[in-house]
Amino acid sequence: MPSNKPFGALPARSLTGGSVPVNRYPVGASTTINIGDFVTLTSSGTVTAAAAGDTLIGVSAEYVATGAGETSTVMVYDDPTAIFMVQCSGSAAQTNIGNNADIVANSGSSLGISKHTLDVSTFATTSAQLRVLGKANLPNNDWGNYVIVDVVINEHYYKQTTGV
């Protein structure tokens, strides 16, 4: 059984096969983004760490500290077909495969590692940020508390029909 050690999201693979590509995005001057944070696109054309309910553009591949400057950029896994591994905030079961859920946007660690998790209290069949594909294929990863699941971004900017 996994322990409660959130790590944000990690790229696992793509639905189309192969590795998950990354692209560079500008970051606002007063933004901290941790490795593994789900990120969203702002109306100013920059990315920032996402909150529950935000439309997502992907997952940060790098750490960017507050005050890094307006010329800062961050690499983002932004492929809408990317599959990510993320820890659940509590208990999940095989019956949650196919459910949608939002994220819990916890503050990152002092080492710049995300603590975002999948919010099990938001499991639903209605629209939400992530869709559960199944249990991640990891040793000692069993359904129950803090299981690590494979997800795709359900509410992704590159899948949306409206602009920012």
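The values are calculated or read from the model by the stated rules, or taken from the named source; none is laboratory data. This one's a predicted model, so the numbers in the text were calculated from it and none came from an experiment. Neighbour counts run over all protein chains shown; Cβ positions are idealised from the backbone, glycine included.
Couple of notes before you dig in:
- Some residue of region 150-158 being closer than 30 Å to A29 by Cβ and over 17 Å from the mean Cα position of the chain (by Cα): no
- Any chance Y77 is of a type in the set (F, W, Y), more than 28 Å from S127 (Cα to Cα) and either in contact (Cβ under 8 Å) with a residue 24 or more places away in the chain or surrounded by 19 or more Cβ atoms within 10 Å (Cβ to Cβ) (or both): no
- Residue within region 111-128 that is farther than 29 Å from T46 by Cβ, touching a helix residue (DSSP H, G or I) at 6+ places or on another chain (Cβ under 9 Å), β-branched (V, I, T) and in contact (Cβ under 8 Å) with a residue 40 or more places away in the chain present: no
- Per-region count, region 1-20, residues in contact with a Gly (Cβ under 8 Å, 6 or more places away or on another chain) and in a strand (DSSP E or B): 2
- Members of region 57-88 found to be modelled with pLDDT of 95 or more, aliphatic (A, V, I, L, M) and out of contact with any Ser or Thr (no Cβ under 7 Å at 6 or more places or on another chain), listed by number: V59, A61, M75, M85
- Qualifying positions in region 109-127 - small (G, A, S) and within 12 Å of G98 (Cβ to Cβ): A124
- Only listed residue being in contact with a strand residue (DSSP E or B) (Cβ under 6 Å, 6 or more places away or on another chain), buried (at least 20 other Cβ atoms within 10 Å of the Cβ) and either closer than 21 Å to Y25 by Cβ or of a type in the set (G, A, S) (or both), chosen from A49, A92: A49
- Pairs, first closer than 12 Å to A49 by Cβ in region 20-34, second in a strand (DSSP E or B) and among the hydroxyl-bearing types (S, T, Y), C-beta under 8 Å, six or more apart: V27/T48; V27/T73; G28/T48; T31/T48; I33/T48; I33/S60; N34/S60
- When region 104-127 is limited to residues that are in contact with a Ser or Thr (Cβ under 7 Å, 6 or more places away or on another chain) and modelled with pLDDT of 95 or more, the one that is surrounded by the most Cβ atoms within 10 Å (Cβ to Cβ) turns out to be L118.
- Of all residues in region 18-39 being polar (S, T, N, Q) and surrounded by fewer than 22 Cβ atoms within 10 Å (Cβ to Cβ), the one that is modelled with the lowest pLDDT: S30
- Here S107 meets each of (1) within 30 Å of G144 (Cα to Cα); (2) in contact (Cβ under 8 Å) with a residue 60 or more places away in the chain; (3) not in a strand (DSSP E or B) with one exception, condition (2).
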